[in-house]
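Participant: This structure is in structure tokens; I'll ask about it shortly.
The values are calculated or read from the model by the stated rules, or taken from the named source; none is laboratory data. These numbers come from a predicted model, not from an experiment. Here the Cβ positions follow ideal geometry from the backbone for every residue, glycine too, while neighbour counts run over all protein chains shown. Just the protein is used for accessible areas: all its heavy atoms, side chains included, with ligands, DNA and RNA removed. Shrake-Rupley method; radii C 1.70, N 1.55, O 1.52, S 1.80 Å.
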Amino acid sequence: MERKLVERAMHGDEAAFDALVERVGGQLHSVARRILRDPYLAEDATQRALLDAWRNLPHLRDPDRFEAWAYRLLVNACNAEARRERRHRGNLRLLTFDGPAVPDHSIGLATRQQLDHAFRRLGVEHRTVVVLVHYVGLSPAEAAAAMGTPIGTVRSRLHYALKYLREALEADARLERNTGTA
Amino acid sequence: MNRDDDFIGRLEDYLESFDGPTPLPDRVRYAIRADVPRTRQVRPARGMGRMLDMMSRASAPARWGLAAAVVVVAVVLGAAVINNGGASPGVGSAPITAAPITAAPTTAASPSPSPTPTPALPLSLSDAPLQACYPGGGVDCLEPGTYRLTSSTWPGPITLDVPAGWFQWRPAADFEGVLVDGGPAAPTESGWGLMVAAVADGAVSIDPCDPTKGLADRTSSVDGLVAAMSSWPGFQATAPTPITVDGFSGQMIELTAAPSARGCSNPVLWTTPGGWAVDAYPIIADSKATAHRVQFRILDVDGSLLVIRTTDFPETSPTEAAQGIGPDPTRHAADQVELHQILDSIRVTGAPLQP
């Protein structure tokens, strides 16, 4: 991230902020989609985080930390959207789609479905830590900063989430074996 | 590769491939571009900001020195205030008497002249503070106040006054409104309230129940859209009534299901500019025609069509019925009064924000 761009945006340069949005917006949206598992909530969370970033940029102490700071705003926005999620979206459906999911050649379809099913059942705070560490590539300390939680909490959430996902995969595999031999 | 490596590898592959590439959607990009110019940046207080900045850059001993200096200044200032307040009047010092503590409206607090600030737009519904819908209920009703509806595909921001017991309903980026809370008996939602959506040019169904019939022509004007809606098979429309909302003229029609709507499933009335299909709830709910009536206020806002849809009927809604609430002909009678207050408070872009 270019420090000068961040500094210009901190001083109210809208064009500089627009350039920042172009650089980080896609990645923030990708992270929000994986945390929230809902394209519409993810859009709202990304929009909310980016506007929060613009509003609070003058408070950013170190321009080199913009990206990490943006993750923190995004995590807050995802939590806020998840809280609003209980209202169901009854009388609408989307006619246009961003495109089908890219076929995944590295893992099998069954594994993908099992992981998808198990991942969906995790709470948003557990999905957040898994996404930050295993998708974004943050260290537990960086994830703790992004989530605003102690590093011990991040480690325990990560431990629980991975244990849960691993056990869910193994249980599904056992079920398949039993079904296959019955 | 051990068992853990294998599992983590599969997990990371899954996360990488989930949903494929997800670039920033245009809807978000345009909303940010629209909102940034009218969103003021929050700047830190100068003196304190500079002090914090100095402290963060200073070496550890210097930080302690700065902190000590701050404490000394605070103590000296505090002592001066205490001495002035507690001492008997002396030469050159005016007596200071403790002012009685009284409650006063905040608007009368500042007698010094200051430039009148440009009225800022109210908070968006998404940023609105929340409160419990009812004692012991979920904390997702809006605090009463004036809020802004946000959509990048509307001609401009829309503001409205929200009373207590209503919540944001925003299933899409360009489809937003407020619904009344259904109380503990309807924990999902009430399905009763007001929504605002735009109409994409040339995206109105000829027959909402039959997509094969295609899209209606000449629907880019209020009269054209009213004509298309009035001729929908499966629906009965009242004669259009001229209306004005915040100075913008339009027409209102009310739709109900016609006998031929029986068997109509997944109706699509029109598509919004963001690509959302607007269905016929609650005229047709869960593929069943109902006896409910829905009002459509169609406005021409600087050449763009904006539709305000309301469920202005007193009886139990289909969403509530689906949650086990029995027929009640007056369930929403009191809510109708609030709905009309909300409608009367609507302000469209460019209009004064004060009602």
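Participant: With a sphere of radius 11 Å drawn around the Cβ of A:Ala19, what net charge do the other residues whose Cβ falls strictly inside it have (Lys, Arg +1; Asp, Glu -1)?
Facilitator: Surrounding charge for A:Ala19 is -2.
Participant: Which whole number gives the average, over all residues in A:21-31, of C-beta atoms from other chains lying within 10 Å of the residue C-beta?
Facilitator: So the per-residue partner count for this stretch is 4.
Participant: Distance from the Cα centre of the stretch B:123-164 to that of the stretch B:213-246, in angstrom?
Facilitator: What the calculation gives is 29 Å, centre to centre.
Participant: Rounded to a whole number, what % of the accessible area of the stretch B:279-355 do carbon and sulfur atoms account for, probe 1.4 Å?
Facilitator: 50
Participant: Calculated FRET efficiency, A:Ala19 and A:Asp116, Cβ-Cβ r, R0 45 Å, to nearest 0.05?
Facilitator: 0.80
Participant: Just to verify a number: FRET efficiency for A:Asn56 and B:Thr212, C-beta to C-beta distance, R0 = 45 Å, to 0.05?
Facilitator: Numbers: r = 51 Å, r/R0 = 1.13.
Here the calculated transfer efficiency is 0.30.
Participant: Would you mind putting B:325-334, B:24-33 in packing order, based on average other-beta-carbon counts within 10 Å, highest first?
Facilitator: B:24-33, B:325-334
Participant: Taking each residue of A:40-51 in turn, how many C-beta atoms of other protein chains fall within 10 Å of its C-beta, and what is the average?
Facilitator: Values: counts 8, 1, 4, 9, 8, 2, 7, 13, 4, 1, 7, 10.
For this peptide, the per-residue mean of nearby foreign Cβ atoms is 6.
Participant: Using θ = phi - 60° and the Karplus relation 6.51 cos²θ - 1.76 cosθ + 1.60, list the HN-Hα couplings for the stretch B:204-221 in order, rounded to whole Hz, with x at every Gly or Pro.
Facilitator: 9, 5, 6, 9, x, 8, 9, x, 5, 7, x, 10, 6, 8, 6, 10, 8, 10
Participant: For B:Lys213, go through the lysines and keep the ones whose alpha-carbon is under 23 Å away, minus same-chain ones fewer than eight residues off.
Facilitator: Cross-link targets: B:Lys288.
Participant: Sticking with the crude label model, points 7 Å out along Cα→Cβ, report the distance from A:His11 to B:Leu121 in nm, one decimal please.
Facilitator: With each label placed 7 Å out from Cα toward Cβ, I get 2.7 nm.
Participant: If you take the beta carbon distance between B:Asp201 and A:His159 as r and set R0 to 56 Å, what does 1/(1 + (r/R0)^6) give as a FRET efficiency, to the nearest 0.05?
Facilitator: 0.55
Participant: If you plug each phi of the stretch B:321-335 into the Karplus form 6.51 cos²θ - 1.76 cosθ + 1.60 with θ = phi - 60°, what whole-Hz ³J(HN,Hα) values come out, in order, with x for Gly and Pro?
Facilitator: 4, 5, 9, x, 7, x, x, 9, x, 10, 4, 10, 4, 5, 5
Participant: Hey, rough spin-label estimate for A:Ile151 and B:Arg43, points 7 angstrom out along Cα→Cβ, what's it come to in nanometres?
Facilitator: So the two model labels end up 3.7 nm from each other.
Participant: So the label point goes 7 Å from the Cα of B:Ala227 along Cα→C-beta, right? Which residues of the stretch B:241-280 then have their backbone N under 18 Å from it?
Facilitator: B:241-242, B:250-253
Participant: Kindly rank A:23-36, B:302-315 from highest to lowest mean number of other beta carbons found within 10 Å of each residue.
Facilitator: A:23-36, B:302-315
Participant: Count, for each residue of A:159-167, the Cβ atoms from other chains sitting within 10 Å of its Cβ, then give me the mean as a whole number.
Facilitator: That works out to 2 on average.
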